[in-house]
Amino acid sequence: MIDEIKQAIADKLEELYPGYTLYDEDIPQNFKKPSFLVTLVEQSYGKRLDNKFIGNVTLDVAYFSNKGKNEIKSDCQAVMMNLLRAFDLLDTFRARNLQANITDNVLHITFNVNYSEIKIEEFVKMQKQTTNEYVKE
């Protein structure tokens, strides 16, 4: 399910900022700018009735600007407002508790996504029964 949530985030970022590089969980040493990094911060998972489960993930989307020293803050603020407005609905997932901050010239958008799952188990069909037809009397 987490892969589906990350794919929805990637699709939204590609829609808003085509051509920007997107990294998942790890960023290489000589990474390209402008770019986004999507990181899973926290996850909780619990059982509900029968074969139903509920999950909650906290994600961080970091934005690395390619602007100069004087323009980087305004670029991060523009991207921040854009993402806060656009991340309301990510495909079929809803982002909750959106928060944003700029630390060391890197924009961080953190939010939660709640989801439910149903585990579908394959049923074992009844096996063929053999009977003894020869009965002694």
query: Exactly one of (1) more than 22 Å from residue 8 (Cα to Cα); (2) open to solvent by 80 Å² or more (accessible area, probe 1.4 Å); (3) of a type in the set (Val, Ile, Thr); (4) modelled with pLDDT of 85 or more is unmet by residue 72. Its number?
result: (2)
task: Name every residue in the range 13-62 that is in contact (Cβ under 8 Å) with a residue 24 or more places away in the chain, open to solvent by less than 40 Å² (accessible area, probe 1.4 Å) and of a type outside the set (Phe, Trp, Tyr), in order of residue number.
output: 13, 34, 35, 37, 38, 55, 57, 58, 59, 60, 61, 62
query: Hey, does the range 83-99 have a residue that's closer than 16 Å to residue 6 by Cα, open to solvent by 20 Å² or more (accessible area, probe 1.4 Å) and among the acidic types (Asp, Glu)?
result: yes
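If a residue has to be of a type outside the set (S, T, N, Q) and not in a strand (DSSP E or B) to count, how many in the range 67-126 make the cut? It would help to see each step written out before you state the result.
Going through the range 67-126, the residues of a type outside the set (S, T, N, Q) turn out to be 67-69, 71-73, 75-76, 78-81, 83-91, 93-96, 98, 100, 102, 104, 106-109, 111, 113, 115, 117-126.
Subset that is not in a strand (DSSP E or B): 67-69, 71-73, 75-76, 78-81, 83-88, 91, 104, 119-126.
Residues flagged as of a type outside the set (S, T, N, Q) and not in a strand (DSSP E or B) within the range 67-126 amount to 28.
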- request: Please name all residue pairs, on different chains or six or more residues apart, with Cβ atoms under 9 Å, provided the first residue is in the range 108-120 and is within 21 Å of residue 37 (Cα to Cα) and the second residue is of a type in the set (D, E, K, R) and open to solvent by less than 80 Å² (accessible area, probe 1.4 Å).
  value: 108/60; 109/60; 110/60; 111/60
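The values are calculated or read from the model by the stated rules, or taken from the named source; none is laboratory data. Since the structure is predicted, the reported quantities are computational estimates derived from the model, not experimental observations. Here the Cβ is made from the backbone with ideal geometry for all residues, glycine too, and neighbour counts use every protein chain on show. These area figures cover heavy atoms from the full protein model, side chains too; ligands, DNA and RNA do not enter into them. Shrake-Rupley method; radii C 1.70, N 1.55, O 1.52, S 1.80 Å.
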